[in-house]
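The values are calculated or read from the model by the stated rules, or taken from the named source; none is laboratory data. In this text the structure is predicted, and so the values were computed from the model without any measurement. Heads up, the Cβs are rebuilt from the backbone with ideal geometry, glycines too, and the neighbour counts pull from every protein chain shown. Just the protein is used for accessible areas: all its heavy atoms, side chains included, with ligands, DNA and RNA removed. Shrake-Rupley method; radii C 1.70, N 1.55, O 1.52, S 1.80 Å.
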Amino acid sequence: MRKQIKFVTLFLSLSILFAGCNGKTEITVENDIPSEEPTEVAEGEIQYDADLKYNTYFEKNVSTPSDDGSNKSESGSNSASKDYETNINTASDYYLEKGNPDSDPNLKFNYDVVDTKGLSEKTLTMFAPCAMYLKDSDTANGDILSSKKRLDILGFSYDFPFYANATEFVHDCEPDKGIMNQSRIKYEDWEYLMREVLKEEHPEKVLDTLNEKSTEVNVYLNPDDNYVYLELGSLGWEDSARVKEVKREGDAYIITYDLYSLSYCLTGVSEVTIAESNNKYGYSLVSVKLIEEYEW
């Protein structure tokens, strides 16, 4: 009799358990990932019903590698809108959309293909800082630098002798020791650049304006050796200029530069006019004109 009662009790328990398993509420979601029902289940392992659907979540805007090796952004299907895919390959496109989308910052000026009207790469590089820093300026009054404030000419005063290939290296930057990147140029060579290439009639006033020291950029005269020293901290520069086009009008050349911040954000377009000169560099500055400016 006890055996029959035990048997009935066991039968009822199994029936209730079976009814409970088949009475689960079905969860309907958009991402259906079926799985094969395992034939054996290890102890402690959860067995999933192959007929059920399960919620699957994708974190929005997470970069995942694609088959071609590039990164693409995955977004949930309930996302109301999709912004720019912000991976490293599209960042420049995003910023260019705010400026001039027809310009590609990854395409550098090809000196072998594009007509430079006879100007060398060295000359075009030399006058790039003029496009970057001396916006809407000219040399007619002989005070293109001495008429400006320190912060307006500091970056230019560091870059111009360097881009002119007129400096010599002293030592590299060592931030942990408080040592800045340093190069130098003889005062007479620096003054020659000012007077003959920039038509600046007051180079001594320029040095007086630059005399204040900072922790990131310095340009100053050392009277002990009569060198002008150029110092740059560990942060470096964010601005750059790249040649876009060269035109010639008589003895003058109009060089169009695209201006960039962070090397890929197009911020403007500037025209630098230079003229043939009998100085050792072959050319002198006439004027700088900012013709386009973009917000980003």
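Below are the figures for this structure:
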{"read-out": "Centre separation in Å (Cα based) which lies between segment 229-273 and segment 131-181", "value": "14 Å"}
{"read-out": "Calculated FRET value between residue 294 and residue 224, using beta carbons and R₀ = 41 Å, to 0.05", "value": "0.35"}
{"read-out": "Distance (nanometres) between label positions extended 7 Å along Cα→Cβ at residue 135 and residue 117", "value": "2.3 nm"}
{"read-out": "Per DSSP, loop trypsin sites (Lys or Arg not before Pro) in segment 232-287 with at most 12 further Cβ within 10 Å", "value": "280"}
{"read-out": "Shape call, segment 131-220: gyration tensor on alpha carbons, a/c limit 1.5", "value": "prolate"}
{"read-out": "Which listed pairs, of 149/199; 186/244; 148/199; 117/280, have C-alpha distances above 26 Å, in listed order", "value": "186/244"}
{"read-out": "Cα gyration tensor category, rounded, prolate or oblate, for segment 144-280 with a/c compared to 1.5", "value": "oblate"}
{"read-out": "Heavy-atom accessible area order for 256, 267, largest first, 1.4 Å probe", "value": "267, 256"}
